Amino acid sequence: MKLSPYRTTILVGIAVTMLAAGTDPVPNSQPNPYVTVEHWAKLPEGRTWGSTSAVDIDKDGKSIWVAERCGANSCEGKNDPPILKFDANGNLVKSFGEGMFLFPHGICVDKDGNIWVTDGHAKDGKGFQVFKFSPEGKVLMTLGKAGGPGDGPDSFNEPNDVAIAPNGDIFVSDGHTPGKGNARVLKFTKDGKFIKQWGGHGSGPGEFEVPHALAFDSQGRLFVGDRANNRIQILDQDGKFIAEWKQFSRPSGIYIDKNDIIYVTDSESTDRDGYGHNPGYKRGIRIGSAKDGTVTAFIPDPSSGAGATSTSEGVAADSAGNVYGAEVGPKDLKKYARK
């Protein structure tokens, strides 16, 4: 059926209005211009992938950093180095961090090439910390008291992610359980001195339920993946609320490149009642603009999405536009190359 120009104008206007309000008029409808590359990253003989939600791009724009959970969903009792660097061809070129982590969760590579990793579990005086490493694996800084938990300026309770602002300030999102523990973002100087924190459980502006991911755009705005609220919150660097976006679905991971292309992965949405309830939205990676919030591409979850988590929880994109998904449930690192 051919629509009249008048009706077309009305429908386009409705779509623009819905998008501006933070909703997607046609969820899951965007094209998928990518092909999946299986088994791209080559692990040492005898080692298999564990769960991973942590992936980022080296400062060279080509190499990939991953923190995986020692062939399982925890590094407890294991001595595998969980922090891995792969070149553009998937060859392992660096590994370190053995014996330091229980549950590597979030990762960030700063402009100097240093690698920041959060440990989301704690046991026997270990964990609930954020580590800064040199590219060679030397520990340069540690935030948080080993073992925690805590809700003060010097301790964490399930830290999820870490992001570094253009001026070097450090941001940590803390709290992985809806309605319990912490639900906040902490800000530190580049030297690790506490500046402020904000948040708290809830769904209002500046409140969080599982602030699972952090990223900065070219304007220095902080994007928070407020996962259990099915939204991204955009804040300034002092925590002032700017906007919320729901069109990128239930965010487990966020990556924003230098051109303000935003990559958001949803590993949990389901139409069922209970945990992950986000009716109408399918799991997968959504790609669009961090400037205006439009969604332009969608890489769907290849599985049925029946479990608590599937497809990737962490996401990143290299300078060539290839997308990388770090998977907890399937225990894998997928590469998505442009068709």
Segments classed as strands (runs of 3 or more DSSP E), wholly inside the range 243-339, with at least 3 members that are small (Gly, Ala, Ser) = 284-289, 312-317
Just give me the residues in the range 110-137 being of a type in the set (Phe, Trp, Tyr), surrounded by fewer than 23 Cβ atoms within 10 Å (Cβ to Cβ) and in contact (Cβ under 8 Å) with a residue 40 or more places away in the chain, in sequence order.
-> Phe133
What is the one condition in (1) over 22 Å from Val109 (Cα atoms); (2) modelled with pLDDT of 95 or more that Ser303 does not satisfy?
-> (2)
Counting residues that are under 21 Å from the mean Cα position of the chain (by Cα), which strands (runs of 3 or more DSSP E) fully inside the range 131-208 reach at least 3?
-> 159-164, 170-174, 184-188, 194-199
What pairs come up if the first residue lies in the range 185-206 and is touching a residue at least 12 places away in the same chain (Cβ under 8 Å) and surrounded by 14 or more Cβ atoms within 10 Å (Cβ to Cβ), the second is aromatic (Phe, Trp, Tyr) and part of a loop (DSSP other than H, G, I, E, B), and their beta carbons are under 9 Å apart, counting only those six or more places apart or on different chains?
-> Leu186/Phe156
Report yes if Ala306 is loosely packed, with under 15 Cβ neighbours inside 10 Å, of a type in the set (A, V, I, L, M, F, W, C) and over 17 Å from Tyr255 (Cα atoms), otherwise no.
-> yes
Pick from the range 28-64 the residues that are assigned to a strand (DSSP E or B) and more than 17 Å from the chain's Cα centre (by Cα): which of them is nearest to Asn114 (Cα to Cα)?
-> Lys42
Please verify whether the range 234-249 includes one or more residues that are among the small types (Gly, Ala, Ser) and touching a helix residue (DSSP H, G or I) at 6+ places or on another chain (Cβ under 7 Å).
-> no
Residues (touching a residue at least 40 places away in the same chain (Cβ under 8 Å), of a type in the set (Ser, Thr, Tyr) and surrounded by fewer than 23 Cβ atoms within 10 Å (Cβ to Cβ)) located in the range 52-84 | Ser74
Can you give me the number of residues within the range 73-100 that are in a loop (DSSP other than H, G, I, E, B) and farther than 21 Å from Val210 by Cα?
-> 16
Residue check, Val224 over 23 Å from Lys145 (Cβ atoms), in contact (Cβ under 8 Å) with a residue 12 or more places away in the chain and outside any loop (DSSP other than H, G, I, E, B) = yes
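The values are calculated or read from the model by the stated rules, or taken from the named source; none is laboratory data. Quick caveat: nothing in here was measured; it's all calculated off a predicted structure. Counting neighbours? That spans all protein chains shown, and the Cβs are built from the backbone with ideal geometry, glycine included.
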